[in-house]
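Undergrad: Supplied in structure tokens, the structure appears directly below.
The values are calculated or read from the model by the stated rules, or taken from the named source; none is laboratory data. A quick note: this is a predicted structure, and the numbers were derived from the prediction, not measured. No Cβ is skipped: glycine too gets one built from the backbone with ideal geometry, and neighbour counts run over all protein chains shown. When the accessible area is computed, the model is the full protein with side chains, heavy atoms only, and any ligands, DNA or RNA have been set aside. Shrake-Rupley method; radii C 1.70, N 1.55, O 1.52, S 1.80 Å.
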Amino acid sequence: MTVTLQRILTSDFPTWIDQSCAEYVGDLLTQGGSHEEARRIAVESMARSFPDGTQSPGNEVFHIMNEPDEAVGYLWIGQDVTTDPGAWWVWDVLINADQRGQGYGRTAMLLGEEYARTQGAHSLGLSVFGFNTRARELYVSLGYETTSVKMLKKLD
């Protein structure tokens, strides 16, 4: 299986922002937030990272491409918001639902790590929602270690 990362085109960027924002809203809703709050958080997050609605320094967004050269997902990777320029972060990664379970996520993560190394990264972090057990298992199998745990109890 051949998987490559292809930088997203400027013309595709607005569509990607909409897709990534919608995915984030969906995750926040799954976690139990209100639609209004989830939408606000997602929109504000994108505005911080891409203030002009276009690609910005320190962030790279890639299409994850399969062997027939079709996009099967995306990877957003870039420098962490710390003062350490060697600390990088996976801000978002998604494999299209109909393409999951074929190894694309694993390979995309390894390609992302390789890319980050070429940019001077010495670490790569990420956050994952607690309900996303499949992704968590993947990250553990790739050598990612838990560095913090955020917990919540609903008091309805």
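Undergrad: Ignoring any ligand, DNA or RNA, what whole percent of the accessible area of segment 67-139 comes from carbon and sulfur when the probe is 1.4 angstrom? Can you show the working numbers first?
TA: Values: 1980 of 4070 Å².
Its accessible area is 49 percent carbon and sulfur atoms.
Undergrad: Quickly work out the ASP52-to-LEU126 label distance, labels modelled 7 Å from Cα along the C-beta direction, and quote it in nm with one decimal.
TA: With each label point 7 Å from Cα toward Cβ, the separation is 3.0 nm.
Undergrad: Still on this structure, I have one more. How high is the relative contact order of segment 50-156? Use alpha-carbon pairs under 8 Å, at least six apart in sequence, and give a whole percent.
TA: 19 percent
Undergrad: Between LEU138 and MET1, what is the spin-label point distance in nm, taking each point 7 Å from the Cα along the Cα→C-beta axis?
TA: Taking the two extended label points, one gets 1.0 nm.
Undergrad: Using a Gaussian network model on the chain with a 10 Å cutoff between Cα atoms, which of ASN66, ASN96, ASN132 fluctuates the most?
TA: Among ASN66, ASN96, ASN132, the largest mean-square fluctuation in the Gaussian network model of the chain belongs to ASN132.
Undergrad: Report, in debye and to the nearest 20, how large the dipole of segment 8-156 comes out about its Cα centre when Lys and Arg carry +1 and Asp and Glu carry -1 on their Cβ.
TA: 540 debye
Undergrad: Can you pull the semi-axes for segment 44-156, root of five times each eigenvalue of the Cα gyration tensor, sorted largest first, whole Å?
TA: The answer is 21, 20, 16 Å, longest axis first.
Undergrad: Over the chain, average the accessible area per residue using a 1.4 Å probe and give it in Å², no decimals.
TA: Per-residue value: 63 Å².
Undergrad: Ranked from the most accessible area to the least, with a 1.4 Å probe and all protein chains present, what is the order of VAL61, VAL149, VAL43, VAL93?
TA: Of VAL61, VAL149, VAL43, VAL93, the descending order of accessible area is VAL149, VAL43, VAL93, VAL61.
Undergrad: In sequence order, what are the phi-derived ³J(HN,Hα) couplings for segment 21-32 according to the Karplus relation 6.51 cos²θ - 1.76 cosθ + 1.60 with θ = phi - 60°, rounded to whole Hz, with x for glycine and proline?
TA: My calculation for segment 21-32 gives 4, 5, 5, 5, 4, x, 5, 5, 5, 4, 6, x Hz in order.
Undergrad: Tell me the label-point distance for the pair GLU70, ASP156, using the 7 Å Cα-to-Cβ offset, in nm and rounded to one decimal.
TA: The modelled label-to-label distance comes out at 4.0 nm.
Undergrad: Using θ = phi - 60° and the Karplus curve 6.51 cos²θ - 1.76 cosθ + 1.60, what whole-Hz ³J(HN,Hα) does each residue of segment 49-55 get, with Gly and Pro shown as x?
TA: Karplus values, whole Hz, x for Gly and Pro: 7, 10, x, 9, x, 10, 4.
Undergrad: OK, next. Sorting check: for 104-115, 133-144, which peptide has the highest mean count of neighbouring beta carbons within 10 Å, and how do the rest follow?
TA: 104-115, 133-144
Undergrad: Separate question: Show the residues, 5+ positions off or on another chain, whose built amide H is closer than 5 Å to the amide H of LEU124.
TA: Under 5 Å from the amide H of LEU124 lie the amide H atoms of TRP88, each far enough along the sequence or on another chain.
Undergrad: Whole-Hz ³J(HN,Hα) for each residue in segment 59-66, computed from phi via Karplus 6.51 cos²θ - 1.76 cosθ + 1.60 with θ = phi - 60°, x for glycine and proline: what do you get?
TA: 10, 10, 10, 10, 7, 8, 10, 8
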